[in-house]
Amino acid sequence: MGSDRFSELSDMEAQSRQQDDDDDLEPETESKSEPTTSEPEPESQPDATGDIHETAFNYDEAKQSPIYARPSTWDEYDDALELDIERSLRKQDVRNASKRELHDATLRLAAENPELVAEKLLEARRQG
C-alpha cells in the first residue's frame with residue numbers, strides 16, 4: 001500500500017512539472033520568435049521594467065532540495081504564503097505566483113538577512 005501512495009505522488013509531481021513546463025514554455029517561445037531582428041533592445045527593456053504577470057524563472061531553472069522544519073513552522077509558513085503574501089501579490093494584480101517563485105523569494109530573503117536567520121535560530125534554541 002505504501003508504495004502505491006508514493007507512486008501516486010510521483011505521478012502527481014510529474015504531471016505538475018509537465019504543467020509548469022507547458023506554462024513556462026508558451027510565453028518563452030512567443031518572446032523568442034518575435035525579436036529575431038533586434039534581440040538586445042527587447043531583452044533590455046523587460047529586464048528594466050519586468051513583467052510582473054510572467055513567472056520569474058522556468059521550472060527547469062529550479063533546484064529542488066529538502067528543507068527541514070517543524071510542523072508548526074510549516075503551518076505558519078504556509079499560512080503566511082497563502083493568506084498574507086499571495087494577498088499582497090493580488091493587490092499588485094499578480095495571481096499566478098508559483099510555489100517555486102515563492103520559495104525562491106523566501107530563500108533570497110534569508111540570504112540577504114543572515115543575521116536575522118541566526119537570531120531566529122538562537123531564539124529557537126533558547127526556547128528549546
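What follows is calculated from the coordinates using simple rules that are stated; it is not laboratory data. Bear in mind that the values here come from a model prediction, so they are computed numbers and not experimental data. Methodologically, a virtual Cβ is constructed for each residue, glycine included, from the backbone with ideal geometry; neighbour enumeration extends over all protein chains shown.
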Return only the number of the condition from (1) farther than 18 Å from ALA56 by Cα; (2) surrounded by 10 or more Cβ atoms within 10 Å (Cβ to Cβ) that GLU101 does not satisfy.
(1)
Among residues belonging to the stretch 53-107 that are closer than 25 Å to ALA118 by Cβ and small (Gly, Ala, Ser), point out the one that is nearest to the chain's Cα centre (by Cα).
ALA105
Contacts under 9 angstrom Cβ, first residue in the stretch 53-78 being over 19 Å from ARG108 (Cβ atoms), partner among the aliphatic types (A, V, I, L, M) and not in a loop (DSSP other than H, G, I, E, B), 6 or more apart:
ARG70/ALA124
Please specify each residue of the stretch 82-128 satisfying the condition of being more than 19 Å from ALA69 (Cα to Cα), not in a helix (DSSP H, G or I) and not polar (S, T, N, Q).
ASP93, VAL94, ARG95, ALA97
